[in-house]
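The next block holds one structure in the form of structure tokens; read it before the comments.
What follows draws every value from the coordinates through simple rules; no lab data is involved. Quick caveat, the model's predicted, so the values are computed rather than measured. All Cβ positions, even for glycine, are placed from backbone atoms using ideal geometry, and neighbour counts span all protein chains on display.
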Amino acid sequence: MATLRERVITALSPYVGATVADTCVRGTALSIGKTADELTDADLPALESNVRRLLSPVAPSGVIDDLLAQIERGN
Amino acid sequence: MAAPTTTAQKNSVITPATYISAGVLIGLTALYGFLSTQMYADALSDTAYAMSYWFGTLLQVLFAVVIIAVALRIGLSQGVGKQWLLVGLGVAAFAIGDIIWTVLELHMGLDPYPSLADPFYVLQYVFFIAAMALAIRSYSHLTPVRAPLITAGVVGLILGGVVYALLLGPHIFPAGTAELGFWGLVVSTLYPLGDVFFMLAPALALALVIRQLGAGRLGWPWWVVIIGALIYALTDAGYSFADWSGSGLTATLEMGWAAANLTFALAALVARDVYRIR
């Protein structure tokens with residue numbers, strides 16, 4: 001099973017590139033006092049909220065919903 | 001055996017519909033390119049000339065309709081929807097300017113420069129820079145935007161200096177209001193400077209921002225917009241320089257605006273696919 005960090009990067013990279021996707025994960029982790037590798041499924045709500053905040057100006061909400069569902073499913 | 005095909009179709013970002021629509025728009029623009037060469041060669045009858053003239057003008061309307069339709073489909077409640085609406089309104093303003101220009105020149109036999117068409121042409125700059133500002137700001141939480149803005153500002157100032165050295169200083173300012181009239185001087189100054197400060201510099205800033213996305217597909221449509229802005233600015237600059245230096249206007253130069261607005265329309269089609277839910 002891929003880690004949450006890997007799932008987020010896999011989902012976001014096609015849209016924002018690997019570097020920015022990684023920044024999203026690290027930013028979320030930092031905001032809850034963890035490192036990116038320490039993120040678990042329990043942190044999904046915080047991660048989703050952060051991803052939605054970062055992506056909503058650059059992508060339609062439908063695309064963001066789809067990406068978040070992909071992250072939750074892990075594919 | 002069907003699985004790989006299905007996966008390939010699912011993963012294909014740009015849809016067949018976009019390829020077909022883009023092909024039609026490019027074909028229509030190419031046809032206008034051919035007609036434009038015939039118009040410049042004086043090889044058309046009066047009726048064919050008038051029809052070709054209107055064909056080119058209505059082509060701009062079509063480009064605007066395509067972009068605005070995409071913006072409406074994305075949704076104006078979405079940030080990106082507003083950005084594309086502004087791009088579309090810019091092309092629509094240009095199209096209105098072209099309609100006025102066509103009526104004045106073709107049907108009323110008037111010199112349309114300067115005229116009521118010019119405020120609409122200038123409006124394209126206003127809408128374009130607003131779209132670029134929104135697009136750049138939208139990425140400010142994802143990537144650094146300050147360095148791109150400063151770099152683009154510096155490049156803009158340098159290019160502004162080039163415009164002054166090659167065009168404004170030697171040609172336009174010496175002609176002044178005596179030769180151009182007040183509004184003629186205003187628009188003759190505004191166009192080349194607008195190309196630099198309202199088209200090229202913002203497009204460069206956006207390019208420097210979205211290059212940080214790497215191959216990320218959210219940047220794709222904006223890359224196409226940046227190419228369109230480059231074509232637009234080069235056409236305007238080339239047209240002004242050719243006109244003032246006496247090197248002569250050509251059908252290729254005339255085609256530049258159609259090519260630029262075509263490119264904006266193609267960018268909108270790419271955006272439609274990029275923002276599609278997979």
What FRET efficiency do you get for A:Ser31 and B:Ala17 if R0 is 41 Å and r is their Cβ-Cβ distance, rounded to the nearest 0.05? 0.50
Per residue, what volume in Å³ does the convex hull of the Cα atoms of chain A enclose? 77
Cα Rg, Dmax (largest Cα-Cα span) when computed across the protein assembly as shown, Å: 23.3, 77
Using R₀ = 41 Å, calculate the FRET efficiency as 1/(1 + (r/R₀)^6) where r is the Cβ-Cβ separation of B:Val65 and B:Ala165; round to 0.05. 0.55
Which angle from 0 to 90°, rounded to the nearest 10, does the C-alpha axis of helix A:61-73 make with the longest principal axis of chain A? 40
What relative contact order, as a whole-number percentage, does chain B give when Cα pairs under 8 Å and 6 or more residues apart are counted? 23
Quick one: Kirkwood hydrodynamic radius for the stretch B:170-218, alpha-carbon pairs, angstrom, one decimal? 13.0
Separation in nanometres of the label points that stand 7 Å from Cα toward Cβ, at B:Leu76 and A:Ala69: 2.8
The helix B:46-74 Cα axis meets the longest alpha-carbon principal axis of chain B at an angle in degrees, between 0 and 90 and rounded to 10, of 40
Which one, A:Ser61, B:Thr250, B:Val103, is farthest towards the positive end of the dipole of the protein assembly as shown when Lys and Arg carry +1 and Asp and Glu -1 on their Cβ? A:Ser61
Can you give me the angle between helix B:146-163 and the longest principal axis of chain B, using Cα atoms only, in degrees from 0 to 90, rounded to the nearest 10? 20
For the stretch B:17-276, what are the per-bin percents of Cα-Cα distances with bins 5 Å wide, up to the bin holding the maximum? 1, 6, 12, 17, 18, 16, 13, 9, 5, 2, 0, 0
Against the empirical 2.2 N^0.38 Å scaling, what ratio does the C-alpha Rg of the stretch B:48-200 come to? 1.22
Averaged over B:212-225, number of beta-carbon atoms from partner chains that fall within 10 Å: 4
Net charge, B:Ile100 excluded, C-beta distance under 14 Å - Lys, Arg +1, Asp, Glu -1: -4
Counting every C-alpha pair in the stretch B:136-278, the percent lying more than 24 Å apart is 41
Taking Lys and Arg as +1 and Asp and Glu as -1, residues besides B:Gln83 with C-beta under 14 Å from its C-beta add up to +4
Give the residue from A:Leu30, B:Tyr19, B:Pro174 lying farthest towards the positive end of the charge dipole for the protein assembly as shown; charges sit on Cβ (+1 for Lys and Arg, -1 for Asp and Glu) and the dipole is referred to the Cα centre. A:Leu30
